[in-house]
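In what follows, a single structure is set out as structure tokens and then discussed.
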Amino acid sequence: MSGAECLRGQRILITGASMGIGAAVARAFARQGAELLLVARSEEKLKNLLSEISADSPGSAYLTADLTQPEDVENLVQRLLLEGRLDGVVHNAGAGNYNTFAAVSEHELRELFELNFFSVFTLTRGLLPLLKRSPRATVLTVSSIVAWRAIPRMSVYSATKAALSAFAESLRIDLAPDGIRVVDVYPGRTRTDFTANAKSEGWKPFSTESEGATPERVAARILRAYVKGKRDEFVSFSNRLLIWGNFLFPSVIDWSMKRYFRGK
Ligand SMILES: NC(=O)c1ccc[n+]([C@@H]2O[C@H](COP(=O)([O-])OP(=O)(O)OC[C@H]3O[C@@H](n4cnc5c(N)ncnc54)[C@H](OP(=O)(O)O)[C@@H]3O)[C@@H](O)[C@H]2O)c1
């Protein structure tokens, strides 16, 4: 089935659509004729994106919500239940935190879990009645390579993504009898404002401003995985190599990370 055959007229919620990977996914899905509901906090950016995609995707709309706030998540669910139709969700909204384990605060830990994990749980469960009615319902989670190999200075972020991928893996089997497909995607470093937007009290070990895959490339992989209903998707070969390396020689990966982070 082609992208357009699969997506034309499909009503799909995309969280974190205001910039970066989410905005690229929205453009890619809109070109296939999907009807999108774009969610993020930045209203101006969502408005601009909506006018950009409206020729390809006339029924699309945006809704603002802060997904760290359980009441915003609940309001979003109620609003969508009232509308009464949904075929898919791309859980993309997320943020990072580069603070050391000693510096990361309890508040930051809980806030990051609210956004990267709990909002996905609550949205998916709240929207189940709609998804169950759709003949081609799909839930796609944008996880990260760090779900497979956690990295220093990102312990909390890595934990949120590991939780997300474990959730998606189990959900895939739980929801299979309802005909709902669950796809998990693991991007590696991607050129977005992720690093700039991540909380950090100083040194940031990685930069996503100018290094990594383009968001368009990641969006193309997400589109392909969504259309095919793949169980999961890596974006680059080097990411796969890291995972194999970590599987076979975890101590070597530990050693090279210790060297990289020594004294930082
Ligand atoms: N870039 C990378 O290297 C990379 C690698 C692996 C995985 N990922 C994952 O890919 C996803 C997208 O990241 P990105 O690189 O595109 O980062 P980004 O450019 O910072 O975009 C993050 C998106 O999430 C939204 N968001 C952040 N906090 C939110 C909140 N409290 N409520 C609602 N929406 C919120 C942002 O919109 P507003 O600020 O307008 O709310 C924005 O649309 C994330 O889940 C990230 O973990 C990224």
Check 86, 67, 46 and return the single one that is more than 8 Å from the ligand (Cβ to nearest atom) and of a type outside the set (D, E, K, R).
86
Has segment 230-245 got any residue that is open to solvent by less than 30 Å² (accessible area, probe 1.4 Å), farther than 17 Å from residue 116 by Cα and without any contact (Cβ under 8 Å) to a residue 40 or more places away in the chain?
yes
Of the criteria (1) open to solvent by 40 Å² or more (accessible area, probe 1.4 Å); (2) more than 8 Å from the ligand (Cβ to nearest atom); (3) more than 21 Å from residue 149 (Cα to Cα); (4) within 16 Å of the chain's Cα centre (by Cα), which one residue 182 fails:
(1)
Scanning segment 191-228 for residues that are crowded, with 16+ Cβ neighbours inside 10 Å and small (Gly, Ala, Ser), which turns out nearest to the ligand (Cβ to nearest atom)?
212
Long-range neighbours under 7 Å by Cβ, at least six apart or interchain, first residue at pLDDT below 95 within segment 207-224, second aliphatic (A, V, I, L, M) and open to solvent by 30 Å² or more (accessible area, probe 1.4 Å)
209/196
Would a scan of segment 29-36 turn up a residue that is more than 12 Å from the ligand (Cβ to nearest atom) and under 21 Å from residue 72 (Cβ atoms)?
yes
Options 139, 120: the member that is away from the ligand (no atom under 12 Å from the Cβ), at pLDDT 95 or above and surrounded by 16 or more Cβ atoms within 10 Å (Cβ to Cβ):
139
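The values are calculated or read from the model by the stated rules, or taken from the named source; none is laboratory data. All values reported here derive from a predicted model rather than from experimental measurement. Neighbour counts run over all protein chains shown; Cβ positions are idealised from the backbone, glycine included. These accessible areas exclude ligands, DNA and RNA; they are computed on the full protein's heavy atoms, side chains included. Shrake-Rupley method; radii C 1.70, N 1.55, O 1.52, S 1.80 Å.
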